[in-house]
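Take a look at the structure set out below.
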Amino acid sequence: MRVGQPIRSELIYPIYVDDTEVLPAKTIVSGTVVGLRANHSRRVTARLRGDFTPFRTPVVRFTSVTLADGTTVPLVTGVATDGAPIYRLVAPPPRKGGFIHQQWDNGVQILKDKLAIVTGPDKGDRLKQFLYTQLPYHPQRIEKKTAWTVETSEPLSLSPQAVEAAATPQPVAISPASSQADSKTWIIQAYLGDSLSSATSKSGQAIKATVAEPIYNPDHTIAVPQGATIVGAVTEAKPARNFGRGGTLHFAFRQLILPSGTTQNVQASLTGADSAAPDKLALDSEGQVKPKPQDKLLVPFTLLVLAARPLDEDQGGEFGKNAVASNSLGVIGFIVGTALQERNVAAGIGYYGAAISIYERWIKRGRDVTFARDTRLVLQTTPRNSVALPTPKM
């Protein structure tokens, strides 16, 4: 990861202009790393664990688009620093059973996530990256499937054919508010207009999202045009608190505003959302995003048991007992804990690692629920046969 490093990427979603697709998904977009910024928070966290790597965040700029016919078109964008691997949160089926049954399901899911680390695809690469984290200094890289959201700062000059297709008028038809319309369900892909966070958002705060792809009627007329706005409000927001208590952020969309100004009431539920933190957030069956349950017992308990091993009075195996206890701080802890041949030192290093684990899981402030601006949302929307409400002030 260095300044000047080329980046070859592709569009995750298609781009529409006036309801016409002008850039399909997987269109090649090229750019470069134009800077590296110090990641201070990550450095502090890593140094507590004996990792002295000077972590940096890449600053990227995209400069060209390669069309399907091989033509390269210049692209002018601002810089982006919010790159992260993006995954789609998907609402699971409704859970059955009481509190104990749900807690059991949470534990099973945590175990599955742990096993996926060693059984899922690219496990060899994950093993290599894990071994890197045990070193006091290691290389950095831009992860595969890292995604950025950028806005063009100048118009994109497409081929005359693409411009002509984009300029072709498209028929727009909105189903009337009737019992037939009420039975319809639209799956709307939309971009969130502003960032949302359980740490800063307030209950009642107006929110909006822009429809990214047109929705068609059975007769191929357009029911919901690209560029329409769906508006709603935050229904509940509580910041994360100490002792691992996560934040709460609930929101709902209730109105659809077409580019023509026509307003229609809708009932919308969140069925999917892009996330840069799939290990931290989860979408429940009711369309609410919550902090993902953490493994608060297994890891701290294991570290405490290993830390106590050097203090056992049984004979033999001193090197092994010191090694497993002091390895909680990676290679540095392993070398110090075994080279000094002092069981108290090895146990102290082990208890230090266990204390960090307990602090992060039980004492540290919990996780906030956060959505960046332009987060892709999937909304299951049903028109409602009711009078349009006043549009919330944004």
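The values are calculated or read from the model by the stated rules, or taken from the named source; none is laboratory data. Quick caveat: nothing in here was measured; it's all calculated off a predicted structure. Cβ sites come from the backbone with ideal geometry, for glycine too, and all protein chains shown count toward neighbours. Protein only, heavy atoms only, side chains kept; ligands, DNA and RNA dropped before computing areas. Shrake-Rupley method; radii C 1.70, N 1.55, O 1.52, S 1.80 Å.
A few notes on this one:
- Applying the condition of being part of a loop (DSSP other than H, G, I, E, B) and crowded, with 17+ Cβ neighbours inside 10 Å to the stretch 68-88 and asking which residue is modelled with the highest pLDDT yields Leu75.
- If the condition is being closer than 19 Å to Thr20 by Cβ and in a strand (DSSP E or B), then the stretch 185-227 contributes Ile188, Gln189, Ala190, Tyr191, Thr210, Val211, Ile215, Tyr216, Ile222, Ala223, Val224.
- Output for the stretch 1-23, where each listed residue is modelled with pLDDT of 85 or more and of a type in the set (S, T, N, Q): Gln5, Ser9
- Residue, nearest to Gly366 (Cα to Cα), within the stretch 228-257, restricted to residues that are of a type in the set (S, T, N, Q) and touching a strand residue (DSSP E or B) at 6+ places or on another chain (Cβ under 6 Å): Thr248
- Number of positions in the stretch 22-64 that are closer than 19 Å to Glu151 by Cα, assigned to a strand (DSSP E or B) and open to solvent by 40 Å² or more (accessible area, probe 1.4 Å): 4
- Scanning the stretch 344-369 for residues that are part of a helix (DSSP H, G or I) and within 32 Å of the chain's Cα centre (by Cα) yields Tyr352, Gly353, Ala354, Ala355, Ile356, Ser357, Ile358, Tyr359, Glu360, Arg361, Trp362, Ile363.
- Looking only at residues of the stretch 122-149 that are among the hydrophobic types (A, V, I, L, M, F, W, C) and within 20 Å of Asp82 (Cα to Cα), we find that the one that is surrounded by the fewest Cβ atoms within 10 Å (Cβ to Cβ) is Ile142.
- Single match in Thr66, Thr53 (criterion: under 30 Å from Ser328 (Cα atoms) and of a type outside the set (Lys, Arg)): Thr53
- Top-ranked residue in the stretch 284-311 [being open to solvent by 70 Å² or more (accessible area, probe 1.4 Å) and part of a loop (DSSP other than H, G, I, E, B); ranked as modelled with the highest pLDDT]: Leu297
- Within the stretch 188-214, residues that are in contact (Cβ under 8 Å) with a residue 40 or more places away in the chain and under 13 Å from Ala273 (Cα atoms) have Cβ atoms under 6 Å from residues that are open to solvent by 10 Å² or more (accessible area, probe 1.4 Å) and among the acidic types (Asp, Glu) in these pairs: Gln189/Glu213; Tyr191/Asp374, counting only partners at least 6 apart in sequence or on another chain.
- Qualifying residue in the stretch 243-255 (condition: under 19 Å from Arg373 (Cβ atoms), open to solvent by 10 Å² or more (accessible area, probe 1.4 Å), part of a loop (DSSP other than H, G, I, E, B) and in contact (Cβ under 8 Å) with a residue 12 or more places away in the chain): no
- Criterion: assigned to a loop (DSSP other than H, G, I, E, B), among the polar types (S, T, N, Q) and at pLDDT 75 or above - qualifying residue of Gln341, Gln315: Gln341
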